[in-house]
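Everything on this sheet refers to the single structure shown next.
The values are calculated or read from the model by the stated rules, or taken from the named source; none is laboratory data. Keep in mind it's a predicted model, so treat the numbers as computed, not measured. Counting neighbours? That spans all protein chains shown, and the Cβs are built from the backbone with ideal geometry, glycine included. When the accessible area is computed, the model is the full protein with side chains, heavy atoms only, and any ligands, DNA or RNA have been set aside. Shrake-Rupley method; radii C 1.70, N 1.55, O 1.52, S 1.80 Å.
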Amino acid sequence: MSWFNRISHRISLVLMVAICLVSMSSRAELVLSRFSGNENLSQYLSFVEDKESVWSADDVYRSFDDLRWIENRETELNLGFTQSTYWFRVAMKNDMATKFTGVLGMEYPLLDDIKIYQVIDRGRPWPVAHVGDLQEFSKRIIPHRNFLVPIEQAAGTDAVYLIRVQTTSALQLPLYLGNERDYLINDFDWMVGQGVFFGIMFIMAAYNLCVYVGVRDKSYLYFVAYVITFSCAVASIQGTGYQYLWPENAGFQSKCVSWFILMSIVCGALFADGFLNVKANDELLYKILQVVGGTALFGAALVPLIDYQYSIQIAIAMALIGCAYFMVLGVILWVKGVREASYFSIAWVVVLSAIVAWSLNKLGLAPRNFLTEYFSQFALSFEVALLSFGLTDRINRERIERIQAKELALTFQRRVVAAQKDVLHAHEKAEKQLAEKVDERTKEINDAMTQLSKANAKLKSMSIIDGLTGVRNRRYFNEMIEREVGMTRDNANPIALLMMDIDDFKLLNDQYGHLVGDECLRAVAEAIQDVVTWPIDAVCRYGGEEFVVLLPNTPVLAAQALAEKIRKSVEHLGFENESVKVTISVGIAGWPEISETATPEMLIGEADGALYKAKGQGRNRVVVA
């Protein structure tokens, strides 16, 4: 009986292991008919570690069911720093009758090398894309700070997407499925927030630089350098630096995060010494501060010479050590009665909290979420504002102390009262001139920005307006029909196009001259605009004596009625020369809905064909294709 129990126990263990292996190889798949438009794929994600970084896609394909796939349990996958290559897989089932198109988004811009393969119905792996921040930004399929890869999956197929990731940065893979248009729309709010953040940093840096120019206190210059380096570190981490500042310098992108972090510690140490006057208040604290700043500077010099995986860990360590020491330094000097240290210590407590959260996230010890990703930006904004207030307070306090010293001197030196008043008056006048200069410079900048904005708006308007008739030009029409055909196809709405040509216009030009011809063109354009009043409809000059009217969400019958109204309006136009008569011929093309294969050129071709029929039937008429 005991032998039987042992055999049964062993069989149970084998079955449990088999069930675990099956569950590990049968990760849930995304059914595309239930796709909501923006899907977090973490719940469908499994991964396996390639410790030697030697597997190819074919190797993974051949051993697909034998590999020990691990199911992801995190909302956004975070494996921290690793020297291994990882393979990820996501299964998708297209149970629809149409082909699925979408965008696979990997929303962590510091991954070095990403290769994506598609396996259809258990076939061989097919390469889809090869991206990463080791490539120049211009080589990305979709120009975005994150890695966006278009994918297609035929109707009625099952697909597995294999993603190979090798990186010296923290291996984080927040994976989403959406479409390019939704990505760009959703990105707007994020870009507004980033614009606010970097706007604050720019204003603070510019303000303190202006103050430095006025007072020549190096503390302000070091503070400006600290704000710039920290802001650049944030921009490089978020991917905006690579997108907008150095898009063609992949080598710099692979090193800049560590370098900017270390240089911000160097600038922070210089600012701490100038702001708190550390050397005069405590010699030992000053020597330790020199060691911290010097070590960070040495680390920054090493960044170009070592791998990013090691440089970023050095940068994280120095950021933690530097922020912690700056906080301790502030607290000690605050206790000693240094008034500026109160602002300094409070600011660094907040920044240290943000750096700790960010560091734990990059080391894989904390999840990737809004707090760990963006708290550092809020902390930096708070720190910059608080330290700017502290610098201002120091100026005011020093000014008050000078005034008090002067008043004390006046009580003992009555003979020099007049001279002391002159000095005080001169000092106040200098401060007023400084404030006026700052206000004047700010006004000049604001005026220049306003003029630049107006010029840009005027330039944009001129680029899409026909100079003779005042209606939109062909360039605008080409852009609009491309956009509207795509939107109409997505919304399954009708669309119509009117193509109009002034009858015998060349004869009119030859008989009455080009000035009369130009007057006719303007009159016809104005007549068309008087009839076409719906905001989404577009009246454009197509070329020469031809005009087009694009009518989104408009059936053919309504377009025909509108065209007839335009024709009659033009027919009744009056001119100073009463012998001048103008008529137009109109060709109409319209689709009740747009198929997947339809193009804007096809719609234009149908309208153009109808126009030629109208010309052939005697002109001054409307013909529907």
Fill in the blank from the handout: Reported set for segment 326-351 where residues are charged (D, E, K, R) and in a helix (DSSP H, G or I) is Glu340
Handout entry: Top-ranked residue in segment 545-561 [being open to solvent by less than 40 Å² (accessible area, probe 1.4 Å) and not polar (S, T, N, Q); ranked as farthest from Asp530 (Cα to Cα)]
Key = Pro552
Practice task
Filter segment 414-434 down to the residues that are open to solvent by 90 Å² or more (accessible area, probe 1.4 Å) and at pLDDT 75 or above, then identify the one that is nearest to Arg399 (Cα to Cα).
Solution key: Glu428
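So that you can scan it fast, the table gives a plain yes or no per residue for (1) modelled with pLDDT under 85; (2) over 30 Å from Leu380 (Cβ atoms); (3) surrounded by fewer than 15 Cβ atoms within 10 Å (Cβ to Cβ); (4) touching a Lys or Arg at 6+ places or on another chain (Cβ under 8 Å):
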site	(1), (2), (3), (4)
Ala129	no, yes, no, yes
Ile141	no, yes, no, no
Glu152	no, yes, yes, yes
Leu162	no, yes, no, yes
Phe188	yes, no, yes, no
Tyr212	yes, no, no, yes
Practice task
Among residues belonging to segment 524-581 that are outside any strand (DSSP E or B) and among the acidic types (Asp, Glu), point out the one that is farthest from Arg621 (Cα to Cα).
Solution key: Glu576
Practice task
Please report, ordered by residue number, the strands (runs of 3 or more DSSP E) entirely within segment 84-129 with at least 2 residues that are within 20 Å of Ser53 (Cβ to Cβ).
Solution key: 85-94, 113-120
Practice task
Look at Asp133 and say whether it is crowded, with 20+ Cβ neighbours inside 10 Å, of a type in the set (Asp, Glu) and under 30 Å from Ile306 (Cβ atoms).
Solution key: yes
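Go through segment 329-345 and count every residue that is open to solvent by 40 Å² or more (accessible area, probe 1.4 Å) and either at pLDDT below 80 or polar (S, T, N, Q) (or both).
0
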Problem - Checklist (1) under 24 Å from Leu391 (Cα atoms); (2) hydrophobic (A, V, I, L, M, F, W, C); (3) crowded, with 22+ Cβ neighbours inside 10 Å; (4) under 28 Å from the mean Cα position of the chain (by Cα) applied to Val350, failing item - result: (3)
Handout entry: Residue that is farthest from Val582 (Cα to Cα), among those in segment 486-505 that are outside any loop (DSSP other than H, G, I, E, B), modelled with pLDDT of 90 or more and not small (Gly, Ala, Ser)
Key = Ile495
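When you scan segment 227-248, how many residues do you find that are assigned to a loop (DSSP other than H, G, I, E, B), touching a residue at least 60 places away in the same chain (Cβ under 8 Å) and open to solvent by 10 Å² or more (accessible area, probe 1.4 Å)?
Number of matching residues: 2.
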Fill in the blank from the handout: When segment 572-625 is checked residue by residue, the ones that are touching an Asp or Glu at 6+ places or on another chain (Cβ under 7 Å), under 29 Å from Met487 (Cα atoms) and either exposed (fewer than 15 other Cβ atoms within 10 Å of the Cβ) or among the aliphatic types (A, V, I, L, M) (or both) are Ala589, Leu611, Val622, Ala625
Exercise for the section: Quick one: which residue in Val196, Val224 is among the β-branched types (Val, Ile, Thr), open to solvent by 30 Å² or more (accessible area, probe 1.4 Å) and either within 26 Å of Ala300 (Cα to Cα) or within 16 Å of the chain's Cα centre (by Cα) (or both)? Expected result: Val196
Exercise for the section: Look through Lys460, Lys437 and report the one residue that is at pLDDT below 90, loosely packed, with under 12 Cβ neighbours inside 10 Å and of a type in the set (Lys, Arg). Expected result: Lys460
